[in-house]
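The values are calculated or read from the model by the stated rules, or taken from the named source; none is laboratory data. It should be emphasised that the depicted structure is a prediction, and the values quoted were computed from it without experimental measurement. Reconstructed Cβ throughout: ideal geometry from the backbone, glycine too, with neighbour counts over all protein chains shown. The accessibility values were calculated without ligands, DNA or RNA, using every heavy atom of the protein model including side chains. Shrake-Rupley method; radii C 1.70, N 1.55, O 1.52, S 1.80 Å.
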Amino acid sequence: MPELLLIGHMIDRSGMAWCIQEFGHQEMLQIAIEEWAGASPVYTKRMQRALNFEGDDVPTIFKGLQLDIGAPPQFMDFRYTIHDRWHGEFHLDHCGALLDVEPMGDAFIFGMCHTIEDPTFDATAVATNPRAQMRPIHRPPRTPADRHPHCAWTVIIDESYPEVEGIPALDQVGATKAATWELAAIDPSDEGLADYSGPLLSDFDFGGFSHSALVRMADEVCLQIHLLNLSFGIAVRKRAADAEVAVSVNTRQLTGVAGLGAERIQRALGLPGGIDGVLRVFELHPLLNPAGYVMAETESDRVMVHRSPAHDDRAWISLCSPESVQPLQAIATAVDPQVEVRVSGANTDWTAELVETDTAATELPEVKVAKFSRGSTFEFEPRRSLPLTVV
């Protein structure tokens, strides 16, 4: 679960460089705002319903952030304080996103920590309470340069606050098949917790939940990833001079995060190289999940993809075909550089054959760009989780 959340967070590390190249820095910032504001209210509400913690208060907002690809645990180390149901605070002891942009200078820091965060934090809260406001206590650029925590924010819900309204893209994302895709219900008889209806925890204890609950969470996170990417695609197409430019930006984004994600999945699970290792990573990769939304199967040395609801949404899988092999090759190369992907068939129904070669493939430039982020090498650590009470 932490790995999937972090992979989802890396979508921006992979995509925004290409947005800057095509549209410039200021348009990249607006793409990021529209991307998150168009998707996070949809997937936040989905997770609330899945784990039975729907509500209208601050603890509900904080629970949602713990299961949000915008805040993968430890890499974005949110620490929460609850004053009462309507007042709380959080600070970041470690902000991997900040550490990625600080070397780029103050313009990039302001862009992320001011221009993007102001509207997107409030947009995320819309799923819980449209009268919630997240406001900074302090935030970067850091003064002094090593200031800790990296930033601190208040979260207040007040009936006198104006309601935050969703952006137009929110309706577009909400109309996709991903937004309403039905997943298997959690089995309440399975050993372990079946939901998050109990108290807010300082750190989400994934190990305390049942296998059934974890499967549902993992599928929900894969849908978060698709929904964020669908929102990203809407924002890119809005600015692209033609369809070819939009497809190019979206494919380069997918290629980068596909390779980075594959490398992390293999490393986290200790999977082998060779064709067997590549096939297993394909089975687990968000590109091909959740099952049903993306229709794919594997056997011996091949991956077979069929037309699915994800194609109808123009999700990631629609960017892969016999004419667009790079995202698939990025996954294979990350697991084993000597495995080549050869794709045959039609645009929506195709077979990817995995072939071992004598020549090692070179890491694709899109993957190198994505791996500029410290998220590519970040290591999770075990933590003890404690209930958070009113202070």
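Quick notes
- Shape of the stretch 121-231, Cα gyration tensor, a/c cut at 1.5: oblate
- Taking 0.36 nm per residue of separation and subtracting the current Cα-Cα distance, fully stretching the chain between residue 27 and residue 374 would add 122.5 nm.
- Magnitude of the charge dipole for the stretch 223-333, about its Cα centre and with charges confined to Cβ atoms of Lys, Arg (+1) and Asp, Glu (-1), is about 420 debye.
- Dividing the helix sum by the residues of the chain, where each DSSP H run of 4 or more adds -39500 (n - 2.57), gives a mean residue ellipticity at 222 nm of -14000 deg cm²/dmol.
- Option label - semi-axes √(5λ) of the Cα gyration tensor in Å computed here, alternatives (1) 37, 28, 21; (2) 68, 26, 15; (3) 33, 24, 21: (3)
- Cα gyration tensor, the stretch 319-373 - rounded (a/c under 1.5), prolate or oblate: oblate
- Dipole of the stretch 223-296, positive direction: furthest Cα of 259, 233, 286, with charges on the beta-carbon: 233
- Cα long-axis angle, helix 2-23 against the chain (0 to 90 degrees, to the nearest 10): 80 degrees
- Reach of residue 63 by Cα under 19 Å, taken over lysines that are not fewer than 8 positions away in the same chain: 45
- Gain on full stretching of the segment that runs from residue 54 to residue 283 - 0.36 nm per residue minus C-alpha separation: 79.3 nm
- Using the Cβ-Cβ distance between residue 349 and residue 184 with R0 set to 22 Å, the FRET efficiency from 1/(1 + (r/R0)^6) comes to roughly 0.30.
- The residues of the stretch 1-50 expose on average 28 square angstrom of accessible surface per residue, using a 1.4 Å probe on protein heavy atoms.
- Spacing of the two label points (7 Å from each Cα toward its C-beta) at residue 362 and residue 114, in nm: 4.0 nm
- Rounded, prolate or oblate (a/c below 1.5 giving rounded, otherwise prolate when a/b exceeds b/c) for the stretch 16-69 by Cα gyration tensor: prolate
- Sorting 191-197, 220-226, 383-389 by average packing, meaning the other beta carbons within 10 Å per residue, from highest down gives 220-226, 191-197, 383-389.
- Carbon plus sulfur fraction of accessible area for the stretch 134-204, probe 1.4 Å, in percent: 54 percent
- Counting only residues at least eight positions apart within a chain, or on another chain, the aspartates and glutamates with an alpha carbon under 12 Å from that of residue 177 are 312, 313.
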